[in-house]
Structure formats: C-alpha cells, structure tokens
Amino acid sequence: MLGAMRLHALSAIGRDRPGIVAAISKVLLDLEGNVEDSQMAILGGHFAVMLIVALPESVSEAELGRRLDEVRDELALEAVAVSPVDEVAGGPKPSHVLSVYGADHPGIVHAVSSVLAERGVSITGLETRLGGGSDEAVYLMLMEIAAGDADPAELRRALAAIGEREGLDVSLREQAADAL
C-alpha cells in the first residue's frame, strides 16, 4: 500500500514529437507517482500537457524538478512547470455545449467568455480551430460550460446578441450524456 501522497500540477509544452507522454509518465512511474487527471492537445504544432499527479511525500520537489528537467532537455521541450496543489476539487460539471463559428477576427474568445463570466457560467472545456484559406480564415470554438444558476433562455439571448454583433453563428445545447 502506498504511503501519504502529495498532489502536484505539472505542465509541459514542446514541438510535437513521439515520446513526450512516455518520458513524462516514466518519470512519474519511477517516482511511484500516479496521474490523477490530465488534458493534452496539439496547439499550433506544439504538444501541450497538463496533469494533476500524486507522488509520495518522500519525493522532494527538487527531485521531481530535476527529473523533469532531464526530460525537457532530452526532448527539447520549451517549458516544464510543476507546482504543489493543496487539494483537487471536483469542479463544476458541464451542462451545455456552446459552439461558435464565423469569420476569424480578434476578440471572439473575449466577447463570448465575457458574456459567460457576467452570468456566473464556468467554462469547463475550450477548444478552438482556425480553418479555411489564408484569405478567408474561419474560426471554430467549442466550449463545454457549467451554466449553474444562469437562466438558459437569457443566456441564449445574450449569446445571440454577441453572435449578431460579431458576425458569428452561436449555438447552445444541453450536454446529452456524462462524457469523459
């Protein structure tokens, strides 16, 4: 049985290449750690990883940092960061999916996220993509949100107004099933 464990937030980013997850998870395995939660994606040709990991209290932050610095150097990663975490809260459960689609221009993320923040809506997941040709770039944003106490009808009206003002197609729907 494992002894007392301490939680850490770990993030890394580097040019995408095979072996990044294997190298980081090997360090954690060697230190008898466990990945508790994770999110990973390729962003603009760079691989980004965020992890919540549990490590035995006997593992010093210096030892963890030293081992991860070796991975950073070996794989030429741009950055690796580790921070202790007091506790992991469950966080809000996503209740709706919001999609935004339209001609790319500065301010889309800010406009939509401001409407949500003003109504106490939490963003639990956010993914964006830029498509189309260089002369007609199309922006696609998908959000999972936890609407909480926000009135869905009022939220839809506010999002529709942003869509009209920004020239975007905005769609809000309830999340059907409990996903990963």
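In segment 1-59, a dipole from Cβ-located charges (positive for Lys and Arg, negative for Asp and Glu) runs towards its positive end, and of 58, 7, 27 it is 27 whose Cα lies farthest in that direction.
Here, segment 66-180 yields an orientationally averaged convex hull projection of 10.6 nm² when only Cα atoms define the hull.
Here the spin labels are modelled as points 7 Å beyond Cα on the Cα-Cβ line, and at residue 89 and residue 52 they lie 1.1 nm apart. For segment 112-160, the fraction of alpha-carbon pairs lying more than 18 Å apart is 38 percent, rounded to a whole number.
Given q = 0.15, 0.23, 0.29, 0.31 Å⁻¹, what are the Debye log10 I(q)/I(0) values for segment 1-44, with equal point scatterers placed on the Cα positions and solvent ignored? The computed values of log10 I(q)/I(0) come out as -0.46, -0.94, -1.30, -1.39. Only helices enter the 222 nm calculation for the chain: every DSSP H run of n ≥ 4 contributes -39,500 (n - 2.57), and dividing by all residues gives -9000 deg cm²/dmol, rounded to 500. Note on residue 169 and residue 114: with the Förster distance fixed at 22 Å, the Cβ-Cβ geometry gives a FRET efficiency of about 0.75. Placing +1 on the Cβ of every Lys and Arg and -1 on the Cβ of every Asp and Glu, with nothing else charged, gives the chain a dipole about its Cα centre of roughly 180 debye. For segment 1-157, how big is Rg over Rh, using alpha carbon atoms and the Kirkwood form of Rh? Computed over Cα atoms, the ratio is 1.06.
Remark: segment 1-118 carries 58 Å² of accessible area per residue (probe radius 1.4 Å; ligands, DNA and RNA excluded). Across segment 127-142, computed HN-Hα scalar couplings (Karplus, 6.51 cos²θ - 1.76 cosθ + 1.60, θ = phi - 60°) run 9, 10, 9, 10, x, x, x, 5, 7, 9, 5, 10, 9, 10, 10, 10 Hz from first to last residue, x flagging Gly and Pro.
The values are calculated or read from the model by the stated rules, or taken from the named source; none is laboratory data. Computed from a prediction, not measured in an experiment: that's the story for all the values here. Methodologically, a virtual Cβ is constructed for each residue, glycine included, from the backbone with ideal geometry; neighbour enumeration extends over all protein chains shown. Just so you know, the surface numbers come from the protein's heavy atoms only, side chains and all, with ligands and any DNA or RNA stripped out. Shrake-Rupley method; radii C 1.70, N 1.55, O 1.52, S 1.80 Å.
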